[in-house]
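Reading through the structure tokens given below for one structure.
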Amino acid sequence: MLEGIEIARRVVEAASDKQAVDIELLDVQEICSFASYFVICSGDSERQIKAIYEGIEQALKREGLLPHHR
């Protein structure tokens with residue numbers, strides 16, 4: 001089973017593969033009770049944002065995981 005930081009890094013990698021911009025990996029373990037990490041990124045168009053999300057979803061599915069929010 002992957003640790004939280006490993007999952008977050010895979011999400012960052014998948015977003016980067018789809019040319020996401022302004023990718024931020026936030027460690028919120030000390031201030032949040034429902035999540036350990038947030039990954040926030042942007043895209044240049046609605047189409048690209050959808051491709052980013054789908055790329056992340058596919059990367060997580062390969063690990064047997066699904067994102068909780070997008």
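The values are calculated or read from the model by the stated rules, or taken from the named source; none is laboratory data. Values in this document were obtained by computation on a predicted structure and should not be read as measured data. Note that we place each Cβ from the backbone using ideal geometry, even for glycine, and neighbour counts take in every protein chain shown. Areas reflect the complete protein model, heavy atoms only, side chains present, ligands, DNA and RNA absent. Shrake-Rupley method; radii C 1.70, N 1.55, O 1.52, S 1.80 Å.
Miscellaneous remarks
- The chain: angle of helix 46-62 to the longest principal axis, Cα-based, in degrees nearest 10: 50
- Computed on the chain, with alpha-carbon pairs under 8 angstrom and 6+ residues apart, the relative contact order is 32 percent.
- Order of exposure, largest accessible area first, which applies to Leu60, Leu66 with probe 1.4 Å: Leu66, Leu60
- Apportionment of accessible area to carbon and sulfur, the chain, percent (1.4 Å): 47
- Per residue, the chain exposes 79 Å² of accessible surface when a 1.4 Å probe is rolled over the protein heavy atoms with every protein chain present.
- Area of Leu2 that stays accessible when all protein chains are in place (1.4 Å probe, Å², to 10): 40
- Placing +1 on each Lys and Arg Cβ and -1 on each Asp and Glu Cβ, with no other charges, gives the chain a dipole about its Cα centre of roughly 300 debye.
- Extreme residue, positive dipole direction of the chain, given options Ala59, Phe34, Gln19 (C-beta unit charges): Ala59
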